[in-house]
1. To the nearest 10 degrees, how steeply does helix 163-173 sit against the main Cα axis of the chain, on a 0 to 90 scale?
2. Could you calculate the contour length gain from ALA231 to ALA350, that is, 0.36 nm times the residue separation minus the distance between their Cα atoms, to one decimal place in nm?
3. Tell me, what is the FRET efficiency for ILE245 and SER71 to the nearest 0.05, using R0 = 51 angstrom and their Cβ-Cβ distance as r?
4. Quick one: length gained pulling ALA98 to GLU123 fully straight, 0.36 nm per residue minus the C-alpha distance?
5. For the chain, with all protein chains present and a 1.4 Å probe, just round the carbon and sulfur fraction of the accessible area to a whole percent.
6. With r as the distance between the Cβ atoms of ALA147 and ALA213 and R0 = 56 Å, compute the FRET efficiency 1/(1 + (r/R0)^6) and round to 0.05.
7. Over 20 Å intervals from 0, what percent of Cα-Cα pairs in the chain sits in each interval?
8. Based on the Kirkwood radius over alpha-carbon pairs, what value in µm²/s does the Stokes-Einstein equation return for the translational diffusion coefficient of the range 79-178 at 4 °C and 1.567 mPa s?
Amino acid sequence: MKAVVWQEPGTVELQDVPDPRVQQSTDAIVRLTMSALCGTDLHMIRGTFPGMAPGTVLGHEGVGVVEEVGSGVRAFQPGDRVVVPSTIACGTCSYCRAGYTAQCDTANPNGPLAGTAIFGGPEATGGFAGMQAGYVRVPFANANLVALPDSIIDEQAIVISDVLPTGWFGARLAEVGVGDTVAVFGCGPVGQLAIASAWYQGAGRVLAVDSVAGRLETARRQHAEPVDFSAEEPVAMLRELTGGIGPDRVIDAVGVDAYPQAEGSESEQAQASGGGTLAWSHGTLPSQAARWAVQAVAKAGTIGVIGVYPPTFESWPIGSAMNKNLTVHMGNCNHRALMPRLVDLVASGALDPSAILERQEPMRDAVQAYQAFDQREPGWIKVALEGLT
Ligand SMILES: [Zn+2]
């Protein structure tokens, strides 16, 4: 099969690699019909997420058709149409049973304390081959695969692999409830789906903070109230818009990884920040988004953090948060635990994530997509994979 393969920082190639095979009795092989690229892939390519093994197939989002199953797979058979969660869960351990599928004890071969297992990531995340390929081996297939009804097309289903559950998870972490005023920091694809999720979970108002005009316009089309941090001081504006109180709930969909690191050129930085004079910060300083979130949220409010912070990152405005009696929840999305319900919501038409993201990123060929992607702001791109098998 053909696959998008990581060779070294800065080098990604479409290569012929061996087809994956059933290795364990509970494995399934899925023929992929659609995948996607997201900002996380760019960090692996640039080397800002270290520990990638040369030859790793990239991609942690996938939709396809079951091609082959091991003898222990009872829930699926060849021909079944499925969406594959980005993170891998065994379905058997106590964490999986409690819904913390991103904290599975078993899936990461480096051990129960090694962290979340993910497709197409560094060796520390398990070294699993990714889904920008003709086929993928899915471990623990009984528990990992999520069946798709025919009424959901690939363009909708691919969003359920990662970005929709992550946005939904952010709204859940922030404890969005009926009538709440919710601010979403970072209006990339996950932020947009956090906005949609906040509405669905009962928000009374949603405020959307970013500096990229197109993202703010997409947020406004979802009837969020845009706040452009390159044109107005966001904390002051969030207070002004909320009667001086601040939003009840804040979703941090930025983390420290949203934009290119400092090695980028000045023009790249300017492009990444939408041409504004401010940009999200990086490295060992508290992230700008984290500080704004803590400053802006109402006293005794709640923050949900879904933006990615590396394990080595140790700086966060805990003093301000403690003195405001804030509640802060954070974590890697428990994809598998959330996905069946999201399949139902998409199938029913209650949520149509492809309509929200359609305006952001066109569909492209995988390698062309990487070339284009690396030269503009990280976002999310659907990739059709016909022909890679
Ligand atoms: Zn588990």
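The values are calculated or read from the model by the stated rules, or taken from the named source; none is laboratory data. Here the structure is a predicted model, which is why all the values come from computation and not from measurement. When we count neighbours, we look across all protein chains shown, and the Cβ atoms used for this are built from the backbone with ideal geometry, even at glycine. Quick note on the areas: whole protein, heavy atoms, side chains included, nothing else; ligands and nucleic acids left out. Shrake-Rupley method; radii C 1.70, N 1.55, O 1.52, S 1.80 Å.
1. Result, in degrees: 50.
2. Details: separation 119, 0.36 × 119 = 42.84 nm, distance 3.40 nm.
Working it through step by step, the gained length comes to 39.4 nm.
3. Values: r = 59 Å, r/R0 = 1.16.
The computed FRET efficiency comes out at 0.30.
4. Numbers: separation 25, 0.36 × 25 = 9.00 nm, distance 2.62 nm.
Gain in length upon complete extension: 6.4 nm.
5. On the way: 7860 of 15630 Å².
With neighbouring chains kept in place, the figure for the chain is 50 percent.
6. 0.90
7. 30, 60, 11, 0
8. Details: Rh = 14.6 Å.
The estimated diffusion coefficient comes to 89 µm²/s.
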